[in-house]
Structure formats: C-alpha cells, structure tokens
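Chemist: One structure is given below, represented as structure tokens, and several questions about it will come after.
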Amino acid sequence: MTIITTERAGDVLVVISNNPPVNALGHAVRDGLAKAIDAAAADPAIKAVVIRCEGRTFFAGADITEFGKPMKDPQLPELLERIEALDKPVVAAIHGTALGGGLETALACHYRVAVPSAKLGLPEVKLGILPGAGGTQRLPRVVGAEAALEMIVGGAPIGAKKAAEVGLVDRLAAEDNLAAEAIAFAREVADKRPLPRTSERKAAAEPGMFEAFRAKNAKKMKGFEAPEACIEAIQAAVDLPFREGLEVERRLIAKLIVSDQSKAQRHIFFAERAAAKVDGLPTDTPLIPVKSVGVIGAGTMGGGIAMNFLSIGVPVTILEAEQAALDRGVGVIAKNYANNVKSGRMTEAQVEKAMALLKPTLSYDDLAQADLVIEAVFENMDVKKEVFARLDKAAKPGAILATNTSYLDVDEIASVTARPEYVLGMHFFSPANVMKLLEVVRGAKTSDSVLATAMALAKQIRKIAVVAGVCHGFIGNRMLKPRQDQAGQLILEGAKPSDVDRVFLDFGFPMGPFQLADLAGLDIGWHRDPTRRETVREALCAEGRLGQKSGGGFYDYDEKRQRTPSPVAERIIAEFAAAKGIPQRQISDEEIRERCLYTMVNEGAKILEEGKAQRASDIDVVWVYGYGWPVYRGGPMLWADQIGLKTVVDGLKRQADRLGPDFSLSPLLVAKAEKGETFN
Ligand code: 3H9
C-alpha cells in the first residue's frame, strides 16, 4: 500500500496520507510528504497544496514506536521547515485528532481548515517530552503564550470551534465535505502574498505570566520533568527569535526523550492499550448485548458503579435490602450528579436524563430483565454467596453476573450458581464513578463471551480494564498487602508514621499509607471492642482515634483537616510495641523504600509467575490508575526494571530477616535478576 499519494484538483495538489490506524508520522509518511512538497515546488502548474488524511484521523503525532531508535531522514522538524518555506500556500485539512507532530505539521502549513468535530492538541507532555518539531515555537506565535501554556503544559486538546476562535483554525468546513472545502479554500488563497508563515509572527505574553502559571500549577506539575521544560521552551518563543527558540526546543527534547520519566510515560501509554487485549481470546468472540444493568447494594460502591452506566445512557435498577438504605443511596447518586453540574462536568439536562434511567427497588424480581447484574454488597463470602444464590434464580438466562469483590474467591462465589460461565469479577475502585481502573477477574469457568463483553463495556464506560486471575486481592490489593504489612511493622520498630508517609510522598504518591488509612477511617472492619487491642489500629480506635473524621488517627487534624504528627498516636504506637517486646531503632528512608516497595515488586513477580496477570505492564497499569503510583515512574514493574532487578533482589535479601514469616523471594524475580533481564 502506498502511504502517501497525490491527486491533482486543477491547479491544487492534494497530498493524501493513509497510514492506519492514526496516521502517525512514521518514516514512510515523512518521506512521502517531503517528496510531494518537492513535486509541488518543481511544478509551475501547481498553485497551492492541500494536505489531508484518510481514515479516522489527521496525523495523531510522531510515531511513538520510533522513539529511542535512530530516526531515519527526513526528520519531522526539517520536513516542517520545508513545508513552511514552500512559496505556494499549503493548507492542512483536519479531521479527527491533530495531535503532537500532527498539529505541528498543521502549524507549519500556511492555513488550517478543520471540521467542527476535530480536536487539536499538543499532548507530548503526557509522554514526558515536549513538542519537538517546532510546536513550542509556532503555537505561542499563533494563539499567544498564555493559551499555548495551557495547551502544551496541560496537554489537553481543544475542539476545532475553540481553535477557530483563537485563530488556530482559519476556516471550519462541513463535517462531510472537508476535502472539497479545503481545495476551494486553497484556490481562494492561491495568489495571496505574503504567505502567512507562523515562524514570522511574534508570540505575545503578559509580564509575570510565566511565574503566575508556575505557581498555579505547581501541585499538578510536582515531580514531573517535562512541564517545566515546556514552560522554558514557550518562554524562549517569547524572548528569542524563531530560530534560536527552535534550538532551545531541540536541546530540551533531546534530554527529555532519553529520560527515565519519558520512557515510563511512554510505557504506560502502550501498557494501557495492551491491557485491553486478552491473550487467547479470539478477536471475533461474540459480545453479549448489555442494554440494562442491575446493581445490588446502594452503598458508596454500588452507587458509584451505577453512575457509570447511567451516564452513558444505560438504565440501571439498583437494589437494596431496606427502604432507608435505598433512599440514602439514591440521594448520594443525586448529590454526586449535582456536584458534577456545579463543577461544569455535566449539564442539568444530562443529569436529569441520567437520573431518569435509575430505578430503585427492594425486590430481586426487578432484576429479571437486566443483561448484567453487578453485586456490590458487604465484603463477606457468606453474604456474597447468599446474594448470588438469589440472583441466580432471579436473573434471566444469559445474564452476566458480576461481583465487585476486592479480595474474595470469584470461583467460590460462582459455585453457588447454576451458571458459573456467566460469572466474573468486576472490581471497581472508589470512587467508582471517578477512578479509571477496573480489574476484570476471570473465573475458572468464565466464558470467552462474558469476559470479552466485560472488557468492551469497560471501554464504553471509559475505564481502563485489566484482566486478573482469581487469587486473594487479585493484582492490586494482593500487592498492597506486603506494602501495608511492612509499613505497619516499620512504625513498631521505630519509624514514625510521618517518616513512612514522607518516603511515599517523595517517591511521588499522592498520599502515604498512614494518611490514606486516616482518610478511609481506621474503624473499617473494627469489632468495636475497646478492650481488644491486637493491632495498632485497634489500639488507636480504642482511644477514639478513628482517623480524619474524628480529628485524629495516625495524625492529628485541625478543623480544615490539615494534619500534624500526633504525640498521642506515637505514644499509643510506642506502648503497643513495648507490650509486644519490639526493640526500637533508627530506620533509614532506604529501608522504608526497600521494605515497602521492593516487596510489592516481589509480589508482582509472583502474580506473573502464577499467571494471575497476563503481562508485567498490566500490573503497572493497575498501580498507576488504581493506586496513585506516579506515572513518571511507570508502575512497580517498570520501576524495578529501571532501577535494576538485581538491586531489588539484593535489597530484599538485605531486609530478609525483617520481612516476616510470610515473605519469600519470587523465583521469577531472582531468575530474571540473575540473567540481567527485565519484566517489560
Ligand atoms: C510527538 O508527536 C512528538 C513530536 O512533537 C516530536 C517529534 C520530533 N505513534 O489510542 P488508540 C497506536 S509524540 C504510534 O487505541 P483511539 C496505539 O498504540 C506523539 N502508535 O485509538 C494503538 O495501537 P494498537 C504525540 C500510535 O481511537 C492504535 O494506534 N501524539 C500513536 O482510542 C490505536 O490507538 C500523541 O501523544 C502514535 N503517535 O485514540 C497522541 N498513537 O492498536 C497519541 C496511537 O496496536 N495517541 N497509536 O494498540 C492518542 O492519543 C490516541 O491514540 C488517539 C486515538 C486519540 C489518536
């Protein structure tokens, strides 16, 4: 297949790219475009050029798979300079998504025509780099430095209508008539001179704007290298002539592209897409149509789960055991939707439409028509079994029965039904209407169709789904356990909760384990017997320290919920340790890291060894999207690859005596470390 073809439309040369799936600007595309531009330059009969793409989108960027390898000429920046330098107008005809190098290409063209549904953006920052083909220099010259900062440092695309308002798009074309309107436009401007070359414009900026932007976005940018580089490059667009600005851009991208952060962020980009693929599942596996959903349990999880479906127009019947709990659950859903309106994420009309699709009920009979029922009741095997036995009788044949359990054995739950092939786990993360991750737990008997349907549904409700096998805690919570155990042990041996949390915050987690525990509430699962103090949490609860909500837990909190280390909590912990005869010592940050994080990598390796995750990158996706692992560290398995598996194994061996009786090294981790291999 020829990737770049040309057609003549009278005196307009139409250059067409056809490089599925997203017209990435790989070598063949660059080469073809360069030849077409040369041909246009050489032919006096050609008065103007239109560049457009076949398929679902205009160029979605440089070809990310080429990063890290020597790129073959022509390079994108040079190609774009040739396009801009052509002495005949070049018009970009944009549909779909003009992203990264794609938008940079459009910016090098003299004019941009787009359909209203098109999106334009420079998302490179999300890959740990910056626009490196002139984008940091050209965009501020078109839309001004302030808007360019938002687009380049934020990375989110804007719609074509907005792009037209800010001067990034010269004309909007009808959705189904882009090619013809772009050609007509090219004819209109064919003789207009001078040609509007972006590089010849000036980038406007208000004084103090860069500092204000840094201050406003400090929290979002914390830990990331690329955003600051983007700001520096945009500043260069304001301060320096175009060519010198390009030099700054080039120097900055050269450094970023080989950085561990960019490798990690690119890894997650591909990992997210790989996670959607289920090994051994034929691509033509028939899907089960899901037109209505049932949710059992209207608590925090059930309500959040229901919202996912209501928001995409799928009716939900939500079931509770008692009217009061049902009313409360529906009230919370309504409140969450109202908040979405307040924050501008939804309109009143959208919320009304969603709420109209919700049917609250106390009767299992009302679940009879649902194509999928998700159980989100109390996390207890007996309770779940009872629910599934009733559900099996109430649900129609062919309905999918899913459990939102976060730890329990999905096969045991399935065993109480007469249709284990229709049972699987759909483990949402709280708040379920917000968090991106969904663990799809494949039971021993789950059918291919049921699994494929759950994966497809996940995409519809805009979740990132990862397939996990049945084991205690699946991927995420299973790996959380050694981390929590070690954190709990460390504070008994002499580390303060704030020491442990600081190591996590420095690493890039939004919260440390003790902050998180206080936020969730220390009384989760508490037996409410103050005389029983078998764990530190029980000891804290016994003294009324239930976490943030009671003004104190591992930390003390003021009225604004600001935390400070708590002498009272530290006394309770010290007394507990003394009662257990645990000697106190100084604990280094390195030990905290090794015991909390290396043990997670070890558990991840065991999950792989046992085939409970399909690939190491799936584990990384779980931790980035479900547990706040910093994306610039690529998830636990890629992080381990980057610091070296031998480093991890050596650290674990050094700590072995302190890791408790349940710890054992993963043979897979050890073998890979010995062979100098990596997980990803
Ligand atoms: C850049 O441009 C750098 C320059 O500034 C500097 C140069 C010097 N390359 O997401 P999907 C694959 S950096 C290679 O499922 P959708 C993707 O892996 C780039 N491959 O579709 C997947 O493969 P598979 C800046 C790419 O419809 C398939 O295409 N641009 C690229 O949900 C389908 O993708 C970006 O960061 C690529 N650039 O979403 C945009 N893009 O089927 C990145 C996609 O084997 N792309 N693939 O799993 C996106 O955001 C989305 O893919 C897009 C389509 C919105 C375009």
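Chemist: Which one is farthest from the ligand (Cβ to nearest atom) among residues in the stretch 55-87 that are over 17 Å from residue 3 (Cβ atoms), modelled with pLDDT of 95 or more and assigned to a loop (DSSP other than H, G, I, E, B)?
Modeler: 87
Chemist: Another question, if that's okay. Among (1) of a type in the set (Gly, Ala, Ser); (2) outside the structural domain of residue 466 (by the TED database); (3) without any contact (Cβ under 8 Å) to a residue 12 or more places away in the chain, there is one condition residue 324 misses while meeting the rest; what is its number?
Modeler: (2)
Chemist: Here is a follow-up. Show the residue pairs that are 6+ apart or on different chains and have beta-carbon atoms under 6 Å apart, the first residue being within the stretch 37-55 and over 21 Å from residue 98 (Cβ atoms) and assigned by the TED database to the domain that holds residue 82, the second being of a type in the set (Gly, Ala, Ser) and modelled with pLDDT of 95 or more.
Modeler: 46/40; 47/190
Yes or no, residue by residue, for (1) over 23 Å from residue 480 (Cα atoms); (2) not aliphatic (A, V, I, L, M); (3) not assigned by the TED database to the domain that holds residue 305:
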site	(1), (2), (3)
410	no, no, no
431	no, yes, no
445	yes, yes, no
453	yes, yes, no
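Chemist: Here are some residues: 168, 149, 107. Which one is touching a residue at least 24 places away in the same chain (Cβ under 8 Å), touching a helix residue (DSSP H, G or I) at 6+ places or on another chain (Cβ under 8 Å), within 13 Å of the ligand (Cβ to nearest atom) and assigned by the TED database to the domain that holds residue 58?
Modeler: 107
Chemist: Same structure again: Return yes or no: is residue 90 within 16 Å of the ligand (Cβ to nearest atom), crowded, with 19+ Cβ neighbours inside 10 Å, in the same structural domain as residue 186 (by the TED database) and touching a residue at least 12 places away in the same chain (Cβ under 8 Å)? Write out each step before concluding.
Modeler: On the way: within 16 Å of the ligand (Cβ to nearest atom): no; crowded, with 19+ Cβ neighbours inside 10 Å: yes; in the same structural domain as residue 186 (by the TED database): yes; touching a residue at least 12 places away in the same chain (Cβ under 8 Å): yes.
Judged against the criteria, residue 90 is not a match.
Chemist: Among 131, 116, which is within 27 Å of the chain's Cα centre (by Cα), more than 15 Å from the ligand (Cβ to nearest atom) and part of a loop (DSSP other than H, G, I, E, B)? Give the derivation first.
Modeler: Values: 131 fails: more than 15 Å from the ligand (Cβ to nearest atom).
Being within 27 Å of the chain's Cα centre (by Cα), more than 15 Å from the ligand (Cβ to nearest atom) and part of a loop (DSSP other than H, G, I, E, B) holds for just one of 131, 116, which is 116.
Chemist: Which one of these does residue 402 not meet: (1) in contact with a Leu (Cβ under 6 Å, 6 or more places away or on another chain); (2) part of a helix (DSSP H, G or I)?
Modeler: Condition (2) is where residue 402 drops out.
Chemist: Testing residue 280 on (1) modelled with pLDDT of 95 or more; (2) more than 24 Å from the chain's Cα centre (by Cα), one condition comes back false. Which one is that?
Modeler: Answer for residue 280: the failing condition is (1).
Chemist: Further question on the same structure: Would you confirm whether any residue within the stretch 581-588 is in a helix (DSSP H, G or I) and surrounded by 14 or more Cβ atoms within 10 Å (Cβ to Cβ)? Walk me through it before giving the result.
Modeler: Looking only at the stretch 581-588, we keep the residues that are in a helix (DSSP H, G or I), and these are none.
No, that holds for no residue.
Chemist: Also: Would a scan of the stretch 280-289 turn up a residue that is in the same structural domain as residue 126 (by the TED database), crowded, with 17+ Cβ neighbours inside 10 Å and over 20 Å from residue 141 (Cα atoms)?
Modeler: no
Chemist: Here's a follow-up. If I go through the stretch 422-471 residue by residue, how many of them are over 16 Å from the mean Cα position of the chain (by Cα) and of a type in the set (Phe, Trp, Tyr)?
Modeler: Qualifying residue count, the stretch 422-471: 1.
The values are calculated or read from the model by the stated rules, or taken from the named source; none is laboratory data. Just so it is clear, the model here is predicted, and its values are computed rather than measured. Every residue, glycine among them, receives a Cβ derived from its backbone with ideal geometry; neighbour counts consider all protein chains shown.
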